[in-house]
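Undergrad: Sharing a structure, written as structure tokens. Questions coming.
The values are calculated or read from the model by the stated rules, or taken from the named source; none is laboratory data. What you are looking at is a predicted structure, and each value in this text was computed from that prediction instead of being measured. Cβ sites come from the backbone with ideal geometry, for glycine too, and all protein chains shown count toward neighbours.
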Amino acid sequence: MKILLRQFISRGPTTFALLISSFAANVLALVPAIFVILVLNRYVTFGVDATLITLATAACVAIIFEFLFRRFRYRTAAELDFDGHNELNSRMFTRASRSKLGLVGQIPIATFRGVFGCVEQLRAAYSPSSVCVFLDAPFALLFLFALYLICPPICLITVVVIGTLSIVIILQLNTRRQIGRNINKTAALKAQLASNAIDTPETLRVFDLGGFLQNKWEKVCGALDALQYRLLDRQDHTQSLIKAFTGILTVAVITAGAVLVVDGQLDIGEMIGANILAARAMAPVIAVCQQTESWIRAEQANKTIDDFNRIPFERVEGSAFEKYSGQLEFRDLTFNYPAKETPVIEKLNLSLMPGEVLCVTGANGSGKTTLAKLITGLLDPNEGYVSVDGVNLKQLSLKWWRKQIIYLPQEPKFLEGSIRENFLAVDGTLSDDRIREVLADVGLDQEIDKSVGGLEQVINTMGSSLSLGVRRRLALARALINQGEIAILDEPTEGIDAKGAESVYQIMSDLSKSGKTLIICAHDTAVLNGAHHVLDLDDGSQSMMRTVSN
């Protein structure tokens, strides 16, 4: 609700138009009650047809204008952009794709995906219809005032019934809110289990984990069904209460009205008109009470989005060299993951001249991939820095820097789309001949051409359906598009057969001969023997680099 108020304050002309149209529509909504009173008191009493025609015509005109004002108000409300909701999806995707990887990686996947669901919650909560509900609420006082002018006792009865119902509904909201939170948590767990079934099919089958996962799935589904039943039961309870109170209001108004009619303090027309006004006064109050739950969820969703927006973007601004030589240096480089007690890399000092080849080796978890991510700027060091041609990497534009890198990650992933689209995403000017050229360099040209679709072959599930060897070589071909001065290759021959490995060795040899600086994370003996320097991260100091005599 705070978001609604802020938006109304910031959009003065639009807010004024909404208030005027709301006032006009609600004033015209008084006409049916007035029509009933006048017909029963004038036409029924005197039987003048011209009076009935005049009253009916006026009432129809008023109803038409009420409709037009409400439509105008809806379309005006649709123009409001609550906290940039019209662009929120785009902004959230930008935030997800450009935020610092080290911080984004700490967010659970289910929570991360839930951020995008928050956008839809906001859009639903602040839809034009909900805005109109909010605007109609104060005009319940208009109907109560009209009712007071007709009959103060009936007005008092209406106020008591509406107030009691509002209190009951608001009290029920607290229970429903807690159930809703539990549903969100359980639904996230269900989504996680579904991801396990989809993303790890081999593991489930080979280790016979289907039964274990099935049991967890059934428990979670059972818990979710129970929670949803409770929520639906509460919602039905609220709806039943609304109908019951609506009936009570009608009975109370008619009963009191009948007594007053018999006493001569009220006539039949006024009694029926009062009943209509009482119902109209109750309707917007009920609508706001029902909408309140949605606004509460929206406030929570907005808080989640605000928290997500606090994650800083990767650096965009920075310097750039006209020509990068390929020189790289680490100075007291230290990095530690939040969940680890000791640094993965500590006080690393290393210097590479242009054209040199460094092989980084070490056990799993020793920091090879972490070092590659520090060089590419995907992670920021806790201490020390990476120097590029004598300049701290933090002072350089990451967009420029990554154009200087030929990067093969340890776990290659691809965009959902065709092979051609994945290459064009890197460089939109690529021709099919150029794509086939780099595919030939990694020994995949014939395999791609023989496959169904060729370059149009669709890569699903980020490439996990491809064999590791094909996926790694395809990622290497994509990396070669950059033609940078430094190549960072993380386990380039892992999972590749002998024939494919020959293509990779040839690429590394060609890169070295062309003067590129190579940093290769590998245990491969052939790579170790061909390196100028070897950095063993299993060494305690993590700063010892030995030079290989070639």
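Undergrad: Residue 316: part of a loop (DSSP other than H, G, I, E, B), within 30 Å of residue 93 (Cα to Cα) and not acidic (Asp, Glu), yes or no? Step through it out loud before you land on a result.
TA: Working: part of a loop (DSSP other than H, G, I, E, B): yes; within 30 Å of residue 93 (Cα to Cα): yes; not acidic (Asp, Glu): yes.
Yes.
Undergrad: In region 25-67, which residues are surrounded by fewer than 16 Cβ atoms within 10 Å (Cβ to Cβ) and either of a type in the set (Asp, Glu) or assigned by TED's automatic domain parsing to the domain that holds residue 280 (or both)?
TA: 49
Undergrad: What is the residue count in region 427-468 for residues that are among the β-branched types (Val, Ile, Thr) and surrounded by fewer than 15 Cβ atoms within 10 Å (Cβ to Cβ)?
TA: Within region 427-468, the first condition is being among the β-branched types (Val, Ile, Thr), and the residues that meet it are 429, 435, 438, 442, 448, 452, 458-459, 461.
Now narrow it down to the ones that are surrounded by fewer than 15 Cβ atoms within 10 Å (Cβ to Cβ): 429, 452, 458, 461.
Residues meeting the conditions: 4.
Undergrad: State whether the residues of region 473-482 include one that is in contact (Cβ under 8 Å) with a residue 60 or more places away in the chain, surrounded by 13 or more Cβ atoms within 10 Å (Cβ to Cβ), assigned by TED's automatic domain parsing to the domain that holds residue 369 and more than 19 Å from residue 410 (Cβ to Cβ).
TA: No: zero hits.
Undergrad: Sticking with this structure for a sec: So in region 291-335, with the set limited to residues that are of a type in the set (S, T, N, Q) and more than 24 Å from residue 114 (Cα to Cα), which one is surrounded by the fewest Cβ atoms within 10 Å (Cβ to Cβ)? Full working, then the answer.
TA: Step one: filter region 291-335 for residues of a type in the set (S, T, N, Q), giving 291-292, 294, 300, 302, 304, 309, 319, 325, 327, 334.
From the residues that got through so far, the ones that are more than 24 Å from residue 114 (Cα to Cα) too are 319, 325, 327, 334.
Values: 319: 12, 325: 16, 327: 18, 334: 18.
Restricting to residues being of a type in the set (S, T, N, Q) and more than 24 Å from residue 114 (Cα to Cα), the top hit is 319.
Undergrad: Consider residue 283 carefully, then state whether it is outside the structural domain of residue 392 (by TED's automatic domain parsing), of a type in the set (Gly, Ala, Ser) and in contact with a Leu (Cβ under 6 Å, 6 or more places away or on another chain). Walk me through how you get there before you give the answer.
TA: Working: outside the structural domain of residue 392 (by TED's automatic domain parsing): yes; of a type in the set (Gly, Ala, Ser): yes; in contact with a Leu (Cβ under 6 Å, 6 or more places away or on another chain): no.
No: the conditions fail for residue 283.
Undergrad: Please name all residue pairs, on different chains or six or more residues apart, with Cβ atoms under 9 Å, provided the first residue is in region 22-43 and is free of Cβ contacts under 8 Å to residues at least 60 places away in the same chain and within 15 Å of residue 60 (Cβ to Cβ) and the second residue is assigned to a helix (DSSP H, G or I) and charged (D, E, K, R).
TA: Short answer, once both residue conditions are applied: 28/66; 31/66.
Undergrad: Is there any pair with a first residue in region 263-285 that is of a type in the set (S, T, N, Q) and a second that is assigned to a helix (DSSP H, G or I) and surrounded by fewer than 23 Cβ atoms within 10 Å (Cβ to Cβ) whose Cβ atoms are under 8 Å apart and which are 6 or more apart or on different chains, and what are they?
TA: From region 263-285, the pairs are 275/250; 275/254.
Undergrad: Does residue 451 satisfy the criteria of being within 37 Å of the chain's Cα centre (by Cα) and without any contact (Cβ under 8 Å) to a residue 12 or more places away in the chain? Explain how you work it out, then say what you get.
TA: Numbers: within 37 Å of the chain's Cα centre (by Cα): yes; without any contact (Cβ under 8 Å) to a residue 12 or more places away in the chain: yes.
Criteria met by residue 451.
Undergrad: May I pose another question? Restricted to region 335-375, and to residues that are charged (D, E, K, R) and within 17 Å of residue 489 (Cβ to Cβ), which residue is farthest from the chain's Cα centre (by Cα)? Reasoning before the result, please.
TA: As a first pass, look at region 335-375 and keep what is charged (D, E, K, R): 340-341, 346-347, 356, 368, 373.
From what's left, within 17 Å of residue 489 (Cβ to Cβ): 356, 368, 373.
Numbers: 356: 44, 368: 32, 373: 26 Å.
Here the residue is 356.
Undergrad: Sticking with this one: Suppose we filter 298, 258 for residues that are closer than 30 Å to residue 182 by Cβ and at pLDDT below 95; which single one remains? Steps first, answer last, please.
TA: Values: 258 fails: closer than 30 Å to residue 182 by Cβ.
Unique residue meeting the criteria: 298.
Undergrad: Hey, another quick one. Would you mind stating whether residue 377 is of a type in the set (Gly, Ala, Ser), within 21 Å of residue 335 (Cβ to Cβ) and surrounded by 14 or more Cβ atoms within 10 Å (Cβ to Cβ)?
TA: The answer is yes for residue 377.
Undergrad: Going residue by residue through region 404-424, is there one that turns out to be touching a Phe, Trp or Tyr at 6+ places or on another chain (Cβ under 6 Å) and either closer than 22 Å to residue 495 by Cβ or among the polar types (S, T, N, Q) (or both)? Don't jump to the end; show me each part of the working.
TA: Here is the first cut: in region 404-424, the residues touching a Phe, Trp or Tyr at 6+ places or on another chain (Cβ under 6 Å) are 404, 422.
So of that shortlist, the ones also either closer than 22 Å to residue 495 by Cβ or among the polar types (S, T, N, Q) (or both) come out as 404, 422.
Yes, because at least one residue in region 404-424 is touching a Phe, Trp or Tyr at 6+ places or on another chain (Cβ under 6 Å) and either closer than 22 Å to residue 495 by Cβ or among the polar types (S, T, N, Q) (or both).
Undergrad: Show me the helices (runs of 4 or more DSSP H) found entirely inside region 19-122 where at least 2 residues are modelled with pLDDT of 90 or more. Don't jump to the end; show me each part of the working.
TA: Details: elements: 31-38, 49-78, 88-98, 101-104.
Fully inside region 19-122 and qualifying: 31-38, 49-78.
Undergrad: Then there's this: Within region 68-79, track down each residue that is free of Cβ contacts under 8 Å to residues at least 60 places away in the same chain and either polar (S, T, N, Q) or loosely packed, with under 15 Cβ neighbours inside 10 Å (or both).
TA: Going residue by residue through region 68-79, those that are free of Cβ contacts under 8 Å to residues at least 60 places away in the same chain are 68-69, 71-72, 74-75, 77-78.
Once the filter is applied, which keeps residues that are free of Cβ contacts under 8 Å to residues at least 60 places away in the same chain and either polar (S, T, N, Q) or loosely packed, with under 15 Cβ neighbours inside 10 Å (or both), region 68-79 yields 68, 71, 75, 78.
Undergrad: Go through region 195-209 and report how many residues are surrounded by 13 or more Cβ atoms within 10 Å (Cβ to Cβ) and over 29 Å from the mean Cα position of the chain (by Cα).
TA: So the answer is 2.
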